[in-house]
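Working notes, structure below.
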Amino acid sequence: MRIRSNLVSLPTRLRLATSLLLRRSRLHWGMDPWLDIRTLLHGMGRPLDRRSVVFDVGANLGQTARAARRWLPNVDLHCYEPFPSTFRRLQAVRPRASLHQVGLSRRSGSATMDPGVHHTCARIVADAAGAAEGHGPPVEVPVRTVDEELGRLGLPRLEVLKIDVEGHELDVLHGAEAAIRHDRIDLVLAECRIGASGSLTQHVPIEALVAHLEPRGFRVMAYYTGAIAADCGVHHGDVLMARIDRLDPGMYWGPCDVLGGDGIPFSA
């Protein structure tokens, strides 16, 4: 989240920190995805160490890896970034994760990627004709499926599947069908748009994600606004969905409620 420089002075930061500490028992869902993920994993009885696996699909320059490590410092984190120049930059920042220069989709093989603006929003397109003009030539990249990756890496399950692939999110989920069907994925965090917000080509509608995952036992846990715009309100964001049968029945008003109000589960 970017805040104007005149709002991030030391006094302002101290007030924000004090407010969060004083309101710790009243934290709401949707404030930080990885805080919520850590809390939900704890509530599901999942270990908060390398026995739990996180796939960061669309790792870009490691932003998600850094955010995830703040709350899940010891999990087995795998970053997937197929675009060559972006992958080299990801390697340069050296995130504490296993790095894979491959995309994930609905089937294995190869895919065409549009480089996107400044090569930071590269996306998979149907063919070279679907690549945006002026952003450079399209690039062919290898792709596999989530199901294949779980088998290739010898992983019995996947605690968190994070997907930010510029409109290709449903294809990734189709490639995880066997794992979802056999209850081998606990949480899905995916980028999406709401209503008329975002881009029709680069952000999948939240309704499409819900329609795909709800019949498979998932429910929406929280939404995180990524950006706002004057003409459409929310521009895009991320939705967190969880296997509802993994949680104890009951109403949780915030992350701390998962522990009965005793506080955030910091210890592994």
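The values are calculated or read from the model by the stated rules, or taken from the named source; none is laboratory data. This structure is a prediction, so every number in the text was calculated from the model and none was measured. Cβ coordinates were reconstructed from backbone atoms using ideal geometry, including for glycine residues, and neighbour counts include every protein chain displayed. These accessible areas exclude ligands, DNA and RNA; they are computed on the full protein's heavy atoms, side chains included. Shrake-Rupley method; radii C 1.70, N 1.55, O 1.52, S 1.80 Å.
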Scanning segment 186-209 residue by residue, the ones that are open to solvent by 40 Å² or more (accessible area, probe 1.4 Å) and assigned to a loop (DSSP other than H, G, I, E, B) total 6
Going through segment 108-122 one residue at a time, which ones are modelled with pLDDT under 95 and on the phi < 0 side of the Ramachandran plot?
-> S110, A111, T112, M113, D114, P115, V117, T120, C121, A122
Where V234 falls short, out of the listed (1) of a type in the set (V, I, T); (2) part of a helix (DSSP H, G or I); (3) surrounded by 17 or more Cβ atoms within 10 Å (Cβ to Cβ) | (2)
Pairs returned, first residue in segment 29-45 that is over 18 Å from G250 (Cα atoms), second residue that is of a type in the set (G, A, S) and surrounded by fewer than 19 Cβ atoms within 10 Å (Cβ to Cβ), beta-carbon separation under 9 angstrom, 6 or more apart or interchain, are D32/A67; P33/A67; W34/A67
Within the bounds of segment 131-147, is there any residue that is at pLDDT 95 or above, over 17 Å from F87 (Cβ atoms), open to solvent by 50 Å² or more (accessible area, probe 1.4 Å) and not in a strand (DSSP E or B)?
-> no
Within segment 168-185, the residues that are charged (D, E, K, R) and either crowded, with 23+ Cβ neighbours inside 10 Å or under 13 Å from the mean Cα position of the chain (by Cα) (or both) are E169
(1) part of a loop (DSSP other than H, G, I, E, B); (2) open to solvent by 20 Å² or more (accessible area, probe 1.4 Å); (3) at pLDDT 85 or above: which one isn't true of G250, the others all being true?
-> (3)
Within segment 28-39, is there a residue that is in a loop (DSSP other than H, G, I, E, B) and either over 20 Å from L161 (Cβ atoms) or at pLDDT below 80 (or both)?
-> yes
